[in-house]
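Asks: The structure is given below, and queries will be raised subsequently.
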Amino acid sequence: MTVQTAITAIRNCNTNDELKQIVDAVNLQRQFISMQNIRSVVVGDTVEFEARGRTVQGTVTKVNRKNVKVQEAGFGTWNVPAAMLKRVGEPA
């Protein structure tokens, strides 16, 4: 299924119940992606994410249930949602 097909299907919804089912499915998928990312990073990994209009690269210092602490070299520590992270050197 392509994104355009999904958008068309959403526009064809006629009731709030149908839209609520779609929203629930999207939220569940976001949670699944976040949990996958949490399980894939460990302390010491180099990761990157988008923040304040730029790409930030840093090292994982702690992995929490939903967020990951990332130390950016020379700038400070970020508390980043796992879904925003991408491991450096990993294919997109």
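The values are calculated or read from the model by the stated rules, or taken from the named source; none is laboratory data. Since we're looking at a predicted model, the values are computed, not measured. No Cβ is skipped: glycine too gets one built from the backbone with ideal geometry, and neighbour counts run over all protein chains shown.
Asks: Considering only residues that are under 14 Å from Arg87 (Cα atoms) and loosely packed, with under 11 Cβ neighbours inside 10 Å, which ones fall in segment 51-76?
Replies: The answer is Thr55, and nothing else.
Asks: Exactly one of these conditions fails for Thr77: (1) touching a strand residue (DSSP E or B) at 6+ places or on another chain (Cβ under 7 Å); (2) modelled with pLDDT under 90; (3) not basic (Lys, Arg); (4) not in a helix (DSSP H, G or I). Give me its number.
Replies: Going through (1) touching a strand residue (DSSP E or B) at 6+ places or on another chain (Cβ under 7 Å); (2) modelled with pLDDT under 90; (3) not basic (Lys, Arg); (4) not in a helix (DSSP H, G or I) one by one, Thr77 breaks only (2).
Asks: Take the residues in segment 80-91 that are surrounded by 14 or more Cβ atoms within 10 Å (Cβ to Cβ) and among the aliphatic types (A, V, I, L, M), then tell me which one is modelled with the highest pLDDT.
Replies: Val80
Asks: Return only the number of the condition from (1) over 30 Å from Val88 (Cβ atoms); (2) in contact with a strand residue (DSSP E or B) (Cβ under 9 Å, 6 or more places away or on another chain) that Ala25 does not satisfy.
Replies: Of the numbered conditions (1) over 30 Å from Val88 (Cβ atoms); (2) in contact with a strand residue (DSSP E or B) (Cβ under 9 Å, 6 or more places away or on another chain), the odd one out for Ala25 is (2).
Asks: Residue by residue through segment 43-74, note down the ones that are outside any strand (DSSP E or B), under 16 Å from the mean Cα position of the chain (by Cα) and modelled with pLDDT of 90 or more.
Replies: The answer is Asn64, and nothing else.
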